[in-house]
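Down below is the structure, laid out as structure tokens.
The values are calculated or read from the model by the stated rules, or taken from the named source; none is laboratory data. None of these values were measured; they are calculated from a predicted model. Note that we place each Cβ from the backbone using ideal geometry, even for glycine, and neighbour counts take in every protein chain shown. Ligands, DNA and RNA are excluded from the accessible area calculation, which covers all protein heavy atoms including side chains. Shrake-Rupley method; radii C 1.70, N 1.55, O 1.52, S 1.80 Å.
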Amino acid sequence: MRKAAIAVLMASALAAVGCGSDTGSRTPGDADGRGPITFATLKDGTGTVPELVQRWNADHPDEKVTIVELPEGADGQRQKLVQQAQTKSDVYDVITIDIPWNAEFAARRWITELPREQFAVDGFFDAPLRGSEYRGKLYSIPHFTGSAMLYYREDLLDRAGVEPPSTWTELRAACAKVLALPAAEGMSCYAGQHDKYEGLTVNFLEAVGSAGGEVIDEQGNPHLDTPEAKAGLEFLVDGFRDGMIPAEAITYKEEEGRRAFQQGDLVFHRNWAYIYALANADDGSSEVAGKFGVTVIPGADGPGVSSLGGNNLAVSAFSTKQATARDFIAYLTSLDTQLEHAKGSAYPMTRTEVYTDPGLREQYPYLPVLKDGIEQARPRPSIVRYGDASTAIQESVYAALKGERTVDAALAEMQRALSEIAEGS
Amino acid sequence: MLLTERTTPTRGPDRARRGRADRPGRKAALLLSPTFLVLALVVGYPLLAALRESLFRGGDELDESGFIVTGERFVGLDNYTAVFGEASARFWNAFANTTLFTVTTVAAEVVIGTAMAVVMHRAMRGRGLVRASILVPWAIPTAVAGLLWRWIFQADGVANSLLGTELLWTADGWPAKLAVIIADTWKTAPFVGLLVLAGLQLIPQDVHEAARLDGAGAWQQFWRVTLPLVKPALLVAVLFRLLDALRMFDLPFVLVGAQKGAVETLSMLAWDEANQVRYGPAAAYAVLLFLYVAVVAFVFVRLLGADLLGDRRARRAGARA
């Protein structure tokens, strides 16, 4: 009797819970809706984005934009956006995505197709714009972009009498001369990002691209069985083996590498534009302030091909005010806004004309190099299962860098895993 | 759950007086119903939802125009067979890591935590300060502790310069395992210490005096008197730590990073799948982890719990007499 009563209570409780879970806030989304919207974006330390939003709000009192901050770090950002999409929630109208997520978010119908004519797409760099397409259609708008740059110790190169390198051979030759200087004692030649995370994928794609290959083509098919892919991976593996890249670089993400360069441990360093100001800070935090220069990353036979970084703006498919959302993205990525934006923050903009502005060139002396880099750069593979592909690449490349797998075995394994991913999607 | 069931007293006699007990039984059920409702909400529902989810799969097929086919399809036990089939190497690696971390950290924490408790228990000058400082690691959020230890363990960090080594602690490899064990022990030994301290404070002073009069040395006192009396509290602490360590996630995630074979635990595996929007396999991992935790808890309570509660009951009876 007592047991029966308890069982009934349990069952009714479960039933009550079960019913409750079905009433989420699901919205069908409205392609032509207007009204106040939210803009889910990354924290902007410079405060420039909030200023630009205020300016929009002053002109659009009925379509005010509220900024919602996404968690820092790509994983947290992604998790938040996935949750939002899973619950089909309309809390975010405009969302900020990492450029390699474009294909997946589009294929899942989490973001809407965008009409090219509204966004003056001709002014954008070609590579970020291509990365914003899925199956030939535009799904997001490049907000920030960026290519890698090769940071080099100008002071030491001058002393050794060598020019900044544009090929891997020149890079090694330059190192041999610079490291022979007494002033360069204890330094290492080169480091990028080699820890097992997205940065390793970026560095590997870059190495293969710079050797003239392509890891995954536009149809999503992998090409790891080419001499170019082998040359790319060997650049990194041999670098670790013969000490051109210091052993501890296997733990480097962007920040660890920056710290090593700032402490004067590296002659050459591959990183994004954001470290320029930090490494040049004359408040004593950087030992290389005023002593370094930047150039386009080197390749096998000439300048290298960078992977493209950056963030895109997209309209959530669950937004009920998509017309306003599109207008706001058009405003935020227009040439005028970008010129204004660039004055306040060093994020690399996505329109080519920003890079020829004389005022900005003075403010950011690396702009010409960055422009060359972005023009050469290639977006990361536009495939739906990008996360799995990146994991497979990291797995094999990391094992090869640690000497646990030979270059050939690593490439064969990657080819197998990536083919499987290409077939599955 | 298991503990409460065991403490529910007098089941046998109750059944013997069935006729009379019907009414109070119903009343008891009524009075307990809010508890059951809450349990059903916070334990039962997520559990059932995870079980259900683990039998489905979805979002992995593209239609002709390149969109992912929405909706989930029932796949039976496919997610589980995949865990033990194609993904088995990764699963067993994570299983081994989880077990290794649990055994080593809990063992280290019991020893260090007990030592801390003995120190904190001592009546001496500055006792408040000692207690507070021992508890500091426990008060620091795990993610923050993970960051702090990452700085300590980075290539040019404090650990390497103190030890005179050039180990790459945060790279994938055995130093990473050691780093996680050290950081977790640092972080949670105070928790064991705190619970043991509570146990120590329940021991009447005269027991120690009696032992001293009988000529017991310090070590004998600790081994023969303090430890047996503090055992119930210690077992509770160990149980809590076991359950906690088995679902370890944030420390290896922040300290070393995701997808590093050397430190990947079962929770991290489930997270990784969920992050790739594969909720079916993620739920399967979560269910397997749940079963593992449940079995460990059950065995622990069966083997040691009876003794634990027996001790306590005996002590209570003794106090009353």
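With the cut-off at under 17 Å, measuring from each backbone N in region A:87-102 to a point 7 Å along the Cα-to-Cβ line of A:D30 picks out A:89-94.
Could you let me know the centre-to-centre spacing of region A:164-211 and region A:217-237, using Cα atoms, in angstrom? Region A:164-211 and region A:217-237 have Cα centres spaced 19 Å from each other. Take the protein assembly as shown with all the other protein chains still there, run a 1.4 Å probe, and you get 46 Å² of accessible area per residue. Springs between Cα atoms under 10 Å define the GNM used for chain B, and in it the highest mean-square fluctuation of B:S267, B:S65, B:S133 occurs at B:S65.
Taking a 1.4 Å probe, which of A:D155, A:D93 shows the most accessible area, and what order do the others take after it?
Result, largest first: A:D155, A:D93.
Counting only protein heavy atoms and using a 1.4 Å probe, what share of the accessible area of region A:225-276 belongs to carbon plus sulfur, as a whole percent?
Accessible surface attributable to carbon and sulfur in region A:225-276 totals 48 percent.
From its DSSP helices (H runs of at least four residues, each -39,500 (n - 2.57)), the protein assembly as shown gives a residue-normalised ellipticity at 222 nm of -17500 deg cm²/dmol.
Buried accessible surface for the A/B chain pair comes to about 3700 Å², total over both chains, computed with a 1.4 Å probe. Here region B:90-320 exposes an accessible surface that is 69 percent carbon and sulfur, computed with a 1.4 Å probe and the other protein chains kept in place. Phi angles across region B:192-207 convert, under the Karplus curve 6.51 cos²θ - 1.76 cosθ + 1.60 with θ = phi - 60°, into 3J(HN,Hα) values of 4, x, 5, 5, 5, 4, 4, x, 4, 6, 7, 6, x, 4, 5, 4 Hz, Gly and Pro given as x.
For region B:153-229 and region A:363-380, write down the distance between their C-alpha centroids in whole Å. So the separation of the two Cα centres works out to 54 Å.
Please name which of A:P28, A:A173, A:V354 has its Cα lying farthest along the dipole of chain A towards the positive end, using unit charges on Cβ (Lys, Arg +1; Asp, Glu -1) and the Cα centre as origin. Of the listed residues, the answer is A:P28. Looking only at A:A249, A:A409, A:A106, which one moves most when chain A is put into a Gaussian network model with springs between Cα atoms under 10 Å? Comparing A:A249, A:A409, A:A106 in the GNM, the peak value goes to A:A409. Taking chymotrypsin sites (Phe, Trp or Tyr not before Pro) across region A:153-198, none is in a DSSP loop with at most 15 further Cβ atoms lying within 10 angstrom of its Cβ. For region B:57-213, the spread of Cα coordinates along the three principal axes comes to 85, 41, 25 Å, biggest extent given first. 3J(HN,Hα) along region A:118-135, derived from phi through the Karplus expression 6.51 cos²θ - 1.76 cosθ + 1.60 where θ = phi - 60°, amounts to 6, 10, 6, 5, 5, x, 7, 4, 5, 4, x, 5, 4, x, 8, 9, 10, 6 Hz, with x in place of Gly and Pro. Taking one quarter of the surface of the C-alpha convex hull of the protein assembly as shown gives a mean projected area of 40.6 nm². Report the residue, chosen from A:Q193, A:Q84, A:Q118, that carries the largest GNM mean-square fluctuation when chain A is represented by alpha-carbon nodes joined by springs under 10 Å. Looking only at A:Q193, A:Q84, A:Q118, the largest GNM fluctuation is found for A:Q118.
Within the straight-line cut-off of under 25 Å between alpha carbons, the lysines reachable from A:K253 are A:K43, A:K80, A:K196, A:K230, A:K291, A:K371, A:K402, B:K177, B:K260, sequence neighbours fewer than 8 places apart in one chain being disregarded. Shown here are the Rg and Dmax of the Cα trace of region B:61-119, at 21.8, 69 Å.
By the Kirkwood approach, averaging reciprocal distances over each pair of separate Cα atoms, chain A gets a hydrodynamic radius of 23.2 Å.
Of the residues A:L138, B:L168, A:V294, the one whose Cα sits farthest toward the positive end of the charge dipole of the protein assembly as shown, with +1 on the Cβ of Lys and Arg and -1 on the Cβ of Asp and Glu, is B:L168. Compute the acute angle (0 to 90°) between the alpha-carbon long axis of helix A:407-424 and the principal axis of greatest extent of the alpha-carbon atoms of chain A; round to the nearest 10°. The angle comes out at about 20 degrees. Surface listing: A:F39, B:F222 arranged by accessible area from highest to lowest gives B:F222, A:F39, probe 1.4 Å. Overall shape of region B:90-320 was characterised from the C-alpha gyration tensor. The equivalent ellipsoid obtained from it has semi-axes of 37, 24, 13 Å, in decreasing order. Basic side chains Lys and Arg get +1 at the Cβ, acidic Asp and Glu get -1 at the Cβ, and with that the dipole of region B:90-320 about its Cα centre reaches some 840 debye. Legend: mean number of C-beta atoms from other chains within 10 angstrom of residue C-beta atoms, peptide B:58-69, equals 4.
The distance between label points at A:T406 and B:V130 comes to 6.1 nm (points 7 Å beyond Cα on the Cα→Cβ vector).
For region A:230-321, the alpha carbon positions stretch 56, 43, 27 Å along the principal axes, listed from largest to smallest. The stretch between A:T167 and A:D75 holds 29.7 nm of extra length on full extension. This uses 0.36 nm per residue minus the Cα-Cα distance. What distance in nm separates the two pseudo spin-label positions at B:L227 and A:A58, each 7 Å out from Cα along the beta-carbon direction? Those two pseudo-labels are separated by 7.5 nm.
Can you check what the net charge comes to around A:E255, using other residues whose Cβ is under 15 Å from the Cβ of A:E255 (Lys, Arg +1; Asp, Glu -1)?
It works out to a net charge of -3.
Here the convex hull built on the C-alpha positions of region A:31-161 has a volume of 173 cubic angstrom per residue. Spacing of the modelled spin labels on B:L291 and A:Q86, each 7 Å from Cα toward Cβ, amounts to 2.2 nm.
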